[in-house]
């Protein structure tokens, strides 16, 4: 079933867990993504919600020197772009 077929026909809410891309190296336990995922799953029934896949996120500064890292320049507001 597609997302649009589920929300809002069968559930009224979609929960989007957001975790982090862990900077713990080889000792990563996955907890930075596991906690928001499990919390969303625990709340889903009470909220009549669908749990979307967890999005791992990281601050660009953490990964800037990593091989293969890509960043986007910050957006500038129109008032500061002419400086």
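The values are calculated or read from the model by the stated rules, or taken from the named source; none is laboratory data. Remember, it's a predicted structure, so these values are computed and weren't measured experimentally. In this analysis, Cβ positions are derived from the backbone assuming ideal geometry, glycine residues included, and neighbour counts consider all displayed protein chains.
Listed values, structure above:
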read-out	value
Residue, farthest from residue 17 (Cα to Cα), within region 37-72, restricted to residues that are in a strand (DSSP E or B) and at pLDDT below 90	57
Condition check for residue 34: modelled with pLDDT of 80 or more, assigned to a helix (DSSP H, G or I) and surrounded by 10 or more Cβ atoms within 10 Å (Cβ to Cβ)	yes
